[in-house]
Structures are given as C-alpha cells and as structure tokens.
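A.B. asks: The structure is given below, and queries will be raised subsequently.
The values are calculated or read from the model by the stated rules, or taken from the named source; none is laboratory data. Just so it is clear, the structure is predicted and the values come from calculations on it, not from any experiment. Note that each Cβ is placed from the backbone with ideal geometry, even for glycine, and that neighbours are counted across all protein chains shown. When the accessible area is computed, the model is the full protein with side chains, heavy atoms only, and any ligands, DNA or RNA have been set aside. Shrake-Rupley method; radii C 1.70, N 1.55, O 1.52, S 1.80 Å.
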Amino acid sequence: MTRDSNRLRTATVGLVSISLFAALFARLWFLQVMNAGTYDKQANFAAYKTVVVPAPRGRILDRNGKVLVDNKSYSIITVDTQELQNVKQSDTVLSRLATLLNQYTQPAQPYTVDTIRQKLHNKQVSPYKPVPIATNIPQDLEVYLVQHADQFPAVAAQHETLRAYPYGTLAAQVLGYVGPIPEDQYTVHEHDKVPYQKDDDVGRTGVEAAFENDLRGTPGTKTIEVDRVGRIVRTVKETPPIPGDDVYLTIDANAQAVAEKGLADGLANAAKQACNNLGCIKPPAGALVAIDPNNGQVMALASNPTYDPSWFVPAITQDRYAQLTSPDSHFPFTDRAIAGQYPPGSTFKLITSIAGLRSGVITPTFTYGDSGKYVINGCKGGDTGGCTKYGDGKTAHGNVDLTRALTVSSDTYYYRIGDDLWDGPAANKEAIQQVATEFGFGQKTGIELPDEQPGFVGTPESLKKLHDKYPAAYPYGDQWYSGTNANLAIGQDVITVTPLQLANAYATFANGGTRYQPTLLLKVAKFRSDQVVRTQQPKVAGHVDIPPDWHSAMLSGFEGVTASGEGTANGAFSKAGYPLSQYPVAGKTGTSQNNTDPKTGHPLQDNSLFVGFGPAGTPQYAAAAIFEQAGYGADVAAPAIVDFFMPLAKQGGFPEVQPVDGTAAATVSPVAGPSAAISGDSSTNGNGGGTTGATIAPLESPDPTGASGTSGGSGAGTNGTGG
Amino acid sequence: MATAESSWGTGFGAHGRSNFGLRRATAAPWRHLDLVLLSAVGIIQAVGLLMVFSTTRGPTPPYKYGFVTKQALFVAIGLVVMAVATFVDYRRVRDYALFIYGLGVFLLFVVLVPGIGTSAKGHQSWISLGSFQLQPSEFCKLSVIVGIAAMATHFHGDIDLRRLGVLLAMAVVPMMLVLLQGDLGTTLVFLVVVPTILVVAGAKGKHLAALLGLAILAGALVLGSGMLHKYQQDRLTTFLHQDETGNGQTAAYNLNQAKIAIGSGKFFGQGFGKGTQTRLGNVPEQHTDFIFTAVGEQFGFFGSALLMALFCLAVWRIWRTSQLSRDEFGTYLCVGILAMLVFHTFENAGMTMGIMPITGIPLPFMSYGGSSTVLNFAAIGLVLNVHMRRFA
C-alpha cells in the first residue's frame, strides 16, 4: 500500500465525516429557521388549552333599584372527566353517585351509571371543565359529598349561579328568560373578540335578550398547560371574568304590579258579564301599558297570560314547555303589549280628529247632527248595499261638535270625516294614514325588546297588495271605498295597533305633540355598584303639529269621557269612586270588532280598549289597556285603567310591591363573582345561566305572533261600532 | 503510515517546550494530553447532563433529580475508566487485544443465556449487576474495534482475501449475536465501523466494492425476509413518510413530536426549562435516544449547531490523532472510534430530525445510559492515549 493511497483513504474518511455533519447542519437550518413557525405553532397547540370561565350575568333592576332579576347560587354536582379517567374503578364511583342522587333527589328518571356516562359525553362542555350531572341539589347531599369526598373521586359539589326572580312572575315577558345559546347565534358570534361557548346561556327573550351585550359580561380565561395525555400540568395564565353590567329599567315595579293586577282583575271581571248575541265572554288575554308622556319611558308593560321565568331555571321541563306553547294556553310567552296587534276602534278617533281638522273637513267648533246613522255620499247601493253605517246601538247623539263627538264617541261624526276625506269637496285621500303614521302607527316604536310588531295602517296600495296575496282573507281589498275610509275613521277593519303604540300616541297628544321613542332603559351601571355606564336620554321620534285650539277642544273631549255625565267611561270612573278632582284622567274608550273565529265561523267578541292619561293638564302617565274578546271598552278596559290610576289619585303613588313569599330576597345570596367550588377543581362556576340538568331546554323561540284579533282587518263592508 | 513529525502540527502545548528535553521522554506522555479533545468531550457531557435533567425533572417543581444523579454517577465512572484507558499504554492494550475482543464476544453470548440476560424494550441486551444493568453490546463496539485494529495491524497493510475473511469473521460473529438480541442499531454500527477500518487498513478496492454489494444485498434480504419485527421495520422506514403524524406509541408519532420540539426551538431556542415539548414530556424516549430534541427546543439552531460543532471538533481531533499515531494500531484504533462516534452522532441526530431511520442508538455523551457513557469515555481515553504517546 502506497503512502498516497493511505493518505487518500484517511482523507476520504475525514471528508465523509464532514459531509455527514454538513447534512445535519443543513437539516437543522431547515427545521429551526426555515420551518420554525409551523413547529412552534404545533408545539403551542399541543401544550396549551384555554378554558373559559363564565362571567356572572348582570342584574336587572327597576327604576327605583328593586332587583327584578338576580343571580342565585345553586349547588350542582359535577364530574371531572379528566380525573375520572385516572380513577381505577370509575363505574363503582358512578354507581355510588347514582344511588346517592336517587336517594336525595326525586329524579323523573332514576340515575344509573349509563345515564351519568351519557351526560359526561356532553360535547358542549369543554373537556377541561367538569360536567354538571345534577343541579339544585339538596344541601344534605352536598354536605354528604363533602364529608365522603374520598369515596367520590372526580365528583365535586360546586356552586353555580343561575337566574333568580325575587318578584316571581312580575314583568315576566319584559324580563324574558335565559337559555342555551341557539346554534345560529353561536355561529354569528363565533369570531367575535369574546365569542360564546357552546354551553353558554344567553338572553332568549325580553330584556335578557335585548340587553344581552350589557348583561353578559366578559368571560375570563384560564390557560392551562396539558401534557401529552391531556393531564393538566399547571395554570399558565388566568384572566378573571368581568361580571355583566346591571341594567336599570324604566319600569316601576310598583306600577307594574298594579298594572298586572288590573289586567288580571279585568280579565276575571270581564268573564262575569252577561252573555250577548255573540255568545258568552271569556277573554283569553290582555295587555296594559303605561308610559311617561314626557320622555317615552315605559313605566309598566303588562301582558296576560303570563308565565314564571323561574321555570327556566335551570332549564324548563319539556312537558311544561309543550303545555305553555299549546294554543290552549294562549301563548303566555307573547308580550301582547308590544306584539299584540288589535284594531284600535274608537280610540283611533284621536287620529281621525287631527286628520279632519288638518284637511278642513271639520273645525273645532263644527257641529254635526248625529242621527245614529250615516249614509255614504253618493252611495247607490241603499241601506242593504252597505251605504248606511250605524253608530253603536244606533244611538242618536244629536248635535255634536268635536269635543262632544269624542266624549260620547259619535261614530257618525267620524264616518262623515272618513267619507269626506275620501270623496268630499276637501278630499285628502290618505290624510288619516298620514296622521296615523305621525303618531307612530304602522311602524315599530323602537322599544328595545325583541319581537315587537309594527301594527298595520291600511292604504289603498297596501290593501291591494294584501288582497292580491291573500284573496280569501281580504275579499274586498281590491278597491278602497268611501266605506273603507269611514271604517278606518273609527279605527276598524284596515288598521291594527299594538297597546304600546296606542299608549304612545296618546302620550304624544298629551304632551302637545312630541312623539318619544318608548324605552325600557333607564341606565346601565357596573355590577352591584353605583357607577353608571350609560344613561338613556329621551329620544324624540317625531312631532305632530297640534294647534292649541285643536288641542284644547280635543282635550276637553277626552276629559269629558271620564268626567262628563255622558262620557263613555264616566260610569267606570264614578262607579269606582275615582276622585277625578284629585288626579284628573282624560281618555278614550274603544270597542273594536274582532275577526271571526276560524273554528266556528262566528264573529268573536269585541276587543275592549281604553287609553287614558293623567293628570290631564300635566300628564305623568299615559296608559292603554286592551282586553281581547272582552266586550265594551267602557266595561272592561276602562275599569282596569281606573284601577291603575286609583293609587296615584288616592295615595299619591303606587303601593310598594313585596318580593314573593318573602323568601326570595332572603335566599338570594349576593354573588359578586364566580363562587368558589366546595371541593375539587374550581374551574367551573358562576354564570347567569343554567346548565342542562335533567330537563330539556327549549331551542326554538316561543311563538311571536299574537293570539286572536290581530289581523289587519277583514272586509270593508262591515259596520263599525263605537264605544 | 502516520509519522511522528507530521506536517499537521506537533500537538497541543508542545511548542517552545523542547528546551526542557522532555519532548521524547517516555515519562512525559501526560504533557501531550489532547486538551482540545478532552474539553470538547467535557463540554458535550456537561450539556448532556443538563439535558438529561431537563428531560427527566418533570413539568413542575418539585423537580426530580433521580435520572440526572444516576447519569452523573455514570459520568464519574466513565471519567475513571477514561483515565485508566489513557494511562495504560495502548500498545499494552494491543497485546491483550484478542482477549478484549474475546471477552466482548463472550459477554454477548452470556446475555443471550436465559436467566442471566434481561430484556427491555424488545432487546435481550442487559446483564444485571446489582442495581446496574450492563449492556454488553455497548462494550462490544469498542472490543471489536480493538480486536480488528490489532488484527489489521498484524496484517500490516497487506490484506488479501484470506486475511479479509479473518477480519470479516471477527466482525460477523458479534454482529450476528447483537442482531440476535434484536439490537439493530449496534449491528449498524458494526456495518459502518468495520468497513471504515478496512478502508484505512488497506483492504483492496475490489474487495471493498464486493463487500458493499454484499451489504446492499444482505440489507435487502433482511428487510424483505421478515426477520425484523414490524416495529423495527416501521422505525427504519418512518423517515420516508415525513407527513404522517401518528399517535401514541408509533414511530411516526415519535418523529413528529421530535420535529415539533426541534423546530419550535427556532433560532435561539426557548431557553432552558421553557420548551413545552420537553417539559411536558411530549417526546417519547427523550432522555435517551431523543435527547437531541431537548437541545433543539431549548437552545434552538444556535445551541444545536454549537453542539454539533463540538462534535465536529472532537471528530477532527480523533482524525488528527489517527494521523499522528506512531503506529498502525493507534491509527486503526482512532479510525474505528472516529467512525463509531460519527455514525452515532449522525444517526442519532439525523433520526430525531427525520433524515435517518429510527434506531436505538444513543447520542454519545448526551443520552442517558451507563454502558454507553462509560464506553464512550473509554474510547476517548484510548484516543488520548494514542495522542499523547505519539512520540514515545
């Protein structure tokens, strides 16, 4: 072997070594410099998990600080699936737990190992959070579990905050309820800065839904480090949850209670009336709204039938939900004050008066001879052809001017206005609709609540459209007749309004013509503190030009309704002994014809309406009441409004409403933040909503439509009746 | 052959000391100790201890010190063994070379005897000595190098077919025994080390070419014959399917976690104790075969490259020693050790980065493990020995 060959051979060994190391350097560069980002992401993804710590929901209070919706701490039993994996005889533990639960609670279906396992597979709960197994457990059970913790590894009794309603059913539809987040809402907010979790509860209806963003709070986060088999190693970062803000409503709980009682009593009393040609009166529902005419603040918003929001805590049972949503229950979830749409009847004469005055068909002093019937100008069909329209009871009121026409509710006076506006020398074909729109009819008021309905102000075009779309329901809608306009003039057939719209229209008149946007929001404040986040300022939605002489003539008419001996509501006020001199109330009755019953084909009983405001000169409240299928406005709705104003007149204010059975206030423990778990991991707790327990929460929203008597009128030829 | 007065230099610390007259004195070999090699290895081993600690201490305090303490003990034993291997003249070692070789083969036999040998991770590779487990295949790597180097020296650069046969037989016997244990990695080490010695020892080109062909044929046979377990095949071929992430215990999962660890270190690393892959134990076998991932994650490209540079430095010093050696035995010894070190390093670091098949080969001076640590120190001791006795 030569020396050169030897050198070559050793050099080769060296060269090969160097090239191998070069390959390592190249690969290092590739992984750690060129592709570093990818691997870094994967490393963090594998190592860190973020768990969301729910924030307590803000409270809902009335204008005087009464807590209408609070958070209450409930005991729940959770099972930590992570820990359970490490428990050798997990079935034994679960079986023990099932026995215990069956013993201490009265479950509809007994707990078994299998049913618990099923719950543990709840995909809506993060795998790093313990899964709730039973909610609202008795304290004995909680104590037992804590004392025998060694027998129940992975099982913990914790406290969870859920909604509580100290005043029971008070303002239920206004407050709304919380429930599991619907899929679509989750999807919409999926990419928000603070997205929802799949097991979150959200406000589903009412104020809970309307002010969801204020009430919700900011969930905290906990970043935990997990090893490769998913065990929690440590908490890396923790951001505490920020509770939601408290929402103060314009609602006066005391006024609300009076309104609800008036409504309930009205319904009960209406049923005591004598039967008439339409059958016997069994009013299914009603609504009563009171607002402050000076700023649009809603003081009371009552709807009947109602429900108890605590049925949704922690979750409503399927049976109960099915029952509440069946037609026989008359849709208690529907807030008829904002979503019920009714023909206004004679209460609409407010609008027709202004329309008539504005177009010169009448003047404040114009006098008309009310003979109890009115014949449409130039009508050739004769009495049987719908040319003659009668006032209520065909009563002849004699000579009526504007004031008296309102006080006695002369229909013929207003038929004439409707007829002349359509077909007279000073015709102004859509004057009524125009004024109605100025007063806020036919459009949503803009109150914060979801599911508000706009009502309907018929015009020749809109009626034509309806006729084309639903020829069966609107057989005469292809053309607008003088008679149609005459019926519109007395708030019949081609117009529907919501109770809130009606109250707001009279509030607008009462304050001289400023239409405020009704609001439920007084202010938003920090959770359990006086620190105001924002205050709601009155919002002016529009102005109606009402010259003083028109206003005074009409106001006298409305005052006469209650005060004058021939006023339509005088009976209701005098019978109740209402001291009009103490607290004068002006108003207007209405009795609106209803639809026919789709089942029987017979007309339903009339709707009973009254809308009033007081004190008449310097109004503080404008209140409207509507009772479905309850008869005359003077007989049912007017007394309910009398009941509402009575405490103001007699005691100068509404009586203090007490929390239900006194226990609510006592047991509702203040929950300032996520409550500490009794044992085990403290990673779940504290939110304003429930976890799904043994019951099933509703996923579809309740029927938003009103009950009966809410469609946009039926046929132009029928006779209107005035209260 | 290597000459004492090589143009490659005269060695560390030799300059300007000739006036002491000790340069060629037999009593003075300690003066020619290769401190560069010693330092390189020392630093690597220090980093190794740190890495063993970081991969075994657990995710959160209180940290566990069991592994690192034990490894420190191995290092201490290794240092003693290295000192002995350095102190005893390597020419004496040559005299006992066949005995050493025979002892190694004997131990490989012993480990296969049921009742004496114990198995772990699919290998029957350990002999229990009290609380320690001796792994003869590690010792055997060095004993085969010593044996073959001695035999090659005996042939004096003239290797005909018969002599080649003798050398190959010396390699094949322990190789088969190691393979019987199921230790594929060590078998591969022989496949690299022995031919390297043969190249330098003067095996004829045509013989080497034939051997290469034979090796390829044998490799294909082994892979195709079903001699290997499924897991062994998977490990060998995983690096060909880089996109698979795998799960649980699979080789693909292991490789993916290893790459995530190394890649997430980026340029400067996440810092000691900060990498999640290491701290959370996401890389299986991280303190042994996959220890390089801990360096990659915690010290990044900067640290990993520096570590590799230290290995390069050590390899260079060993290569240089092979050139400086005053006799053929020293040269072959160094070349064998060099091949072993390079292959271990390349294969181990390469497999964690997905460019080499996964085999159970430790990273020298880094991976946790007593036998391999001690043997590597012994090997370095022999190199130091050759280096400092190049004049004597």
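A.B. asks: Give A:PRO166, A:PRO138, A:PRO182, A:PRO110 a once-over and let me know the one that is of a type outside the set (A, V, I, L, M), surrounded by fewer than 16 Cβ atoms within 10 Å (Cβ to Cβ) and within 28 Å of A:SER303 (Cβ to Cβ).
C.D. replies: Values: A:PRO166 fails: surrounded by fewer than 16 Cβ atoms within 10 Å (Cβ to Cβ); A:PRO138 fails: within 28 Å of A:SER303 (Cβ to Cβ); A:PRO110 fails: within 28 Å of A:SER303 (Cβ to Cβ).
That would be A:PRO182, the only listed residue that is of a type outside the set (A, V, I, L, M), surrounded by fewer than 16 Cβ atoms within 10 Å (Cβ to Cβ) and within 28 Å of A:SER303 (Cβ to Cβ).
A.B. asks: If you don't mind, there's one more thing I want to ask. When you look at A:GLN103, is it part of a helix (DSSP H, G or I) and open to solvent by 30 Å² or more (accessible area, probe 1.4 Å), yes or no?
C.D. replies: Values: part of a helix (DSSP H, G or I): yes; open to solvent by 30 Å² or more (accessible area, probe 1.4 Å): yes.
In short, yes.
A.B. asks: Can you pull out the residues in segment A:113-131 that are closer than 22 Å to A:THR235 by Cβ and surrounded by 20 or more Cβ atoms within 10 Å (Cβ to Cβ)? Show your work before the answer.
C.D. replies: So in segment A:113-131, the residues closer than 22 Å to A:THR235 by Cβ come out as A:125-131.
Across segment A:113-131, the qualifying residues are A:VAL125, A:TYR128, A:LYS129, A:PRO130, A:VAL131.
A.B. asks: Let me ask something else. Go through (1) in contact with a Phe, Trp or Tyr (Cβ under 9 Å, 6 or more places away or on another chain); (2) closer than 17 Å to A:SER346 by Cβ for A:GLY418 and report which single condition fails.
C.D. replies: (1)
A.B. asks: Restricting attention to segment B:176-203, which residues are open to solvent by 10 Å² or more (accessible area, probe 1.4 Å), of a type in the set (A, V, I, L, M) and closer than 20 Å to B:MET356 by Cα?
C.D. replies: B:LEU179, B:LEU184, B:LEU188, B:LEU191, B:VAL192, listed by residue number.
A.B. asks: Also: Within segment A:463-496, take every residue that is open to solvent by 30 Å² or more (accessible area, probe 1.4 Å) and among the small types (Gly, Ala, Ser) and give me the one that is farthest from A:SER410 (Cα to Cα). Show your work before the answer.
C.D. replies: Here is the first cut: in segment A:463-496, the residues open to solvent by 30 Å² or more (accessible area, probe 1.4 Å) are A:464-473, A:475-476, A:478-479, A:481.
In the following step, the residues that additionally are among the small types (Gly, Ala, Ser) were identified as A:472-473.
Values: A:ALA472: 32, A:ALA473: 29 Å.
Top of the filtered list is A:ALA472.
A.B. asks: Okay, next question. Report the residue count in segment A:438-465 for those that are part of a loop (DSSP other than H, G, I, E, B) and under 30 Å from A:TYR374 (Cβ atoms).
C.D. replies: Filtering segment A:438-465 for residues part of a loop (DSSP other than H, G, I, E, B) gives A:439-455, A:458-459.
Now narrow it down to the ones that are under 30 Å from A:TYR374 (Cβ atoms): A:439-442, A:455, A:458-459.
Of the residues in segment A:438-465, 7 are part of a loop (DSSP other than H, G, I, E, B) and under 30 Å from A:TYR374 (Cβ atoms).
A.B. asks: Take A:PRO195 and tell me if it is in contact (Cβ under 8 Å) with a residue 12 or more places away in the chain, more than 14 Å from chain B (Cβ to nearest Cβ) and open to solvent by 10 Å² or more (accessible area, probe 1.4 Å).
C.D. replies: Values: in contact (Cβ under 8 Å) with a residue 12 or more places away in the chain: no; more than 14 Å from chain B (Cβ to nearest Cβ): yes; open to solvent by 10 Å² or more (accessible area, probe 1.4 Å): yes.
Against the criterion (in contact (Cβ under 8 Å) with a residue 12 or more places away in the chain, more than 14 Å from chain B (Cβ to nearest Cβ) and open to solvent by 10 Å² or more (accessible area, probe 1.4 Å)), A:PRO195 does not qualify.
A.B. asks: Tell me the residue from B:SER125, B:SER137 that is surrounded by 15 or more Cβ atoms within 10 Å (Cβ to Cβ), modelled with pLDDT of 85 or more and touching a helix residue (DSSP H, G or I) at 6+ places or on another chain (Cβ under 8 Å), please. Don't jump to the end; show me each part of the working.
C.D. replies: Values: B:SER125 fails: modelled with pLDDT of 85 or more.
Testing whether each residue is surrounded by 15 or more Cβ atoms within 10 Å (Cβ to Cβ), modelled with pLDDT of 85 or more and touching a helix residue (DSSP H, G or I) at 6+ places or on another chain (Cβ under 8 Å) leaves just B:SER137.
A.B. asks: Take the residues of segment B:302-311 that are crowded, with 22+ Cβ neighbours inside 10 Å and within 9 Å of chain A (Cβ to nearest Cβ): which is nearest to B:THR55 (Cα to Cα)?
C.D. replies: For segment B:302-311, the residue satisfying everything is B:SER304.
A.B. asks: If you don't mind, there's one more thing I want to ask. Let me confirm something: among B:PHE346, B:PHE365, B:PHE292, B:PHE299, which residue is within 13 Å of chain A (Cβ to nearest Cβ), under 18 Å from the mean Cα position of the chain (by Cα) and under 17 Å from B:ILE43 (Cβ atoms)? First the steps, then the outcome.
C.D. replies: Values: B:PHE346 fails: under 17 Å from B:ILE43 (Cβ atoms); B:PHE365 fails: within 13 Å of chain A (Cβ to nearest Cβ); B:PHE299 fails: under 18 Å from the mean Cα position of the chain (by Cα).
Every option except B:PHE292 fails the conditions.
A.B. asks: Based on what the data block shows, is A:ASN269 exposed (fewer than 15 other Cβ atoms within 10 Å of the Cβ), under 22 Å from A:THR589 (Cα atoms) and of a type outside the set (Gly, Ala, Ser)? Working first, answer last.
C.D. replies: Numbers: exposed (fewer than 15 other Cβ atoms within 10 Å of the Cβ): no; under 22 Å from A:THR589 (Cα atoms): yes; of a type outside the set (Gly, Ala, Ser): yes.
Taking the combined requirement at face value, the residue does not satisfy it.
A.B. asks: Looking for whichever is out of contact with any helix residue (DSSP H, G or I) (no Cβ under 8 Å at 6 or more places or on another chain) and either within 20 Å of A:ILE351 (Cβ to Cβ) or among the acidic types (Asp, Glu) (or both) here; the options are A:GLN501, A:GLN453, A:GLN434, A:GLN443. Which one fits? Break it down into steps so the answer makes sense when it comes.
C.D. replies: Working: A:GLN453 fails: out of contact with any helix residue (DSSP H, G or I) (no Cβ under 8 Å at 6 or more places or on another chain); A:GLN434 fails: out of contact with any helix residue (DSSP H, G or I) (no Cβ under 8 Å at 6 or more places or on another chain); A:GLN443 fails: out of contact with any helix residue (DSSP H, G or I) (no Cβ under 8 Å at 6 or more places or on another chain).
Every option except A:GLN501 fails the conditions.
A.B. asks: Still on this model: In contact with a Pro (Cβ under 6 Å, 6 or more places away or on another chain), more than 14 Å from chain B (Cβ to nearest Cβ) and open to solvent by 30 Å² or more (accessible area, probe 1.4 Å): which single residue out of A:PRO219, A:PRO243 fits that description?
C.D. replies: Numbers: A:PRO219 fails: open to solvent by 30 Å² or more (accessible area, probe 1.4 Å).
Going through A:PRO219, A:PRO243 in turn, just one is in contact with a Pro (Cβ under 6 Å, 6 or more places away or on another chain), more than 14 Å from chain B (Cβ to nearest Cβ) and open to solvent by 30 Å² or more (accessible area, probe 1.4 Å): A:PRO243.
A.B. asks: Being more than 8 Å from chain A (Cβ to nearest Cβ) and in a helix (DSSP H, G or I): is that true of B:ILE337 here? Before the answer, list the steps.
C.D. replies: On the way: more than 8 Å from chain A (Cβ to nearest Cβ): yes; in a helix (DSSP H, G or I): yes.
Considered against the rule, which asks whether it is more than 8 Å from chain A (Cβ to nearest Cβ) and in a helix (DSSP H, G or I), B:ILE337 comes out as yes.
A.B. asks: Any idea which of (1) of a type in the set (A, V, I, L, M); (2) at pLDDT 85 or above; (3) open to solvent by 50 Å² or more (accessible area, probe 1.4 Å) is the one B:VAL295 doesn't satisfy?
C.D. replies: (3)
A.B. asks: Output the residues belonging to segment A:295-314 that are assigned to a strand (DSSP E or B) and within 30 Å of A:GLY542 (Cα to Cα). Quick ask: steps written out before the conclusion?
C.D. replies: Initial filter on segment A:295-314 (assigned to a strand (DSSP E or B)): A:297-304.
Across segment A:295-314, the qualifying residues are A:GLN297, A:VAL298, A:MET299, A:ALA300, A:LEU301, A:ALA302, A:SER303.
A.B. asks: Return the residues of segment A:5-35 that are within 8 Å of another protein chain (Cβ to nearest Cβ), open to solvent by 40 Å² or more (accessible area, probe 1.4 Å) and polar (S, T, N, Q); say none if nothing qualifies.
C.D. replies: Answer for segment A:5-35, where residues must be within 8 Å of another protein chain (Cβ to nearest Cβ), open to solvent by 40 Å² or more (accessible area, probe 1.4 Å) and polar (S, T, N, Q): A:THR12, A:ASN35.
A.B. asks: Check whether at least one residue in segment B:140-149 is surrounded by fewer than 18 Cβ atoms within 10 Å (Cβ to Cβ) and out of contact with any Gly (no Cβ under 7 Å at 6 or more places or on another chain), and report yes or no.
C.D. replies: At the first step, the residues of segment B:140-149 found to be surrounded by fewer than 18 Cβ atoms within 10 Å (Cβ to Cβ) are none.
No, segment B:140-149 has no match at all.
A.B. asks: Within segment A:581-594, how many residues turn out to be open to solvent by 30 Å² or more (accessible area, probe 1.4 Å) and either small (Gly, Ala, Ser) or within 34 Å of the chain's Cα centre (by Cα) (or both)?
C.D. replies: 3
A.B. asks: Since A:GLY340 meets every condition but one in (1) out of contact with any Pro (no Cβ under 9 Å at 6 or more places or on another chain); (2) at pLDDT 90 or above, which condition does it not meet?
C.D. replies: Result: A:GLY340 passes all but (1).
A.B. asks: So, of the residues in segment A:319-344 that are outside any loop (DSSP other than H, G, I, E, B) and touching a residue at least 40 places away in the same chain (Cβ under 8 Å), which turns out to be farthest from A:ALA637 (Cα to Cα)?
C.D. replies: A:TYR321
A.B. asks: Then there is this: With respect to B:VAL166, determine if the residue is open to solvent by less than 10 Å² (accessible area, probe 1.4 Å) and not hydroxyl-bearing (Ser, Thr, Tyr). Walk me through it before giving the result.
C.D. replies: Numbers: open to solvent by less than 10 Å² (accessible area, probe 1.4 Å): no; not hydroxyl-bearing (Ser, Thr, Tyr): yes.
Criteria not met by B:VAL166.
A.B. asks: Taking helices (runs of 4 or more DSSP H) that fall entirely within segment B:184-286, which contain at least 3 residues that are within 14 Å of chain A (Cβ to nearest Cβ), closer than 27 Å to B:LEU49 by Cβ and touching an Asp or Glu at 6+ places or on another chain (Cβ under 8 Å)?
C.D. replies: On the way: elements: B:184-201, B:205-225, B:230-237, B:251-264, B:276-279.
Result: B:251-264, B:276-279.
A.B. asks: So which strands (runs of 3 or more DSSP E) stay within segment A:107-184 end to end and still have 3 or more residues that are more than 28 Å from A:LEU520 (Cβ to Cβ)? Before the answer, list the steps.
C.D. replies: Values: elements: A:131-135, A:155-164, A:178-180.
Once the strands (runs of 3 or more DSSP E) in segment A:107-184 are filtered for at least 3 residues that are more than 28 Å from A:LEU520 (Cβ to Cβ), what remains is A:131-135, A:155-164.
A.B. asks: Further question on the same structure: Looking at (1) open to solvent by less than 50 Å² (accessible area, probe 1.4 Å); (2) modelled with pLDDT of 90 or more, which is the only condition B:GLY117 fails?
C.D. replies: Among (1) open to solvent by less than 50 Å² (accessible area, probe 1.4 Å); (2) modelled with pLDDT of 90 or more, B:GLY117 violates only (2).
A.B. asks: Can you name every residue in segment B:312-327 that is away from chain A (no Cβ under 11 Å) and open to solvent by 30 Å² or more (accessible area, probe 1.4 Å)?
C.D. replies: B:ARG326, B:ASP327
A.B. asks: Here's a follow-up. Name the single residue, out of those in segment A:36-47 being within 9 Å of another protein chain (Cβ to nearest Cβ) and loosely packed, with under 15 Cβ neighbours inside 10 Å, that is modelled with the lowest pLDDT.
C.D. replies: A:ASN44
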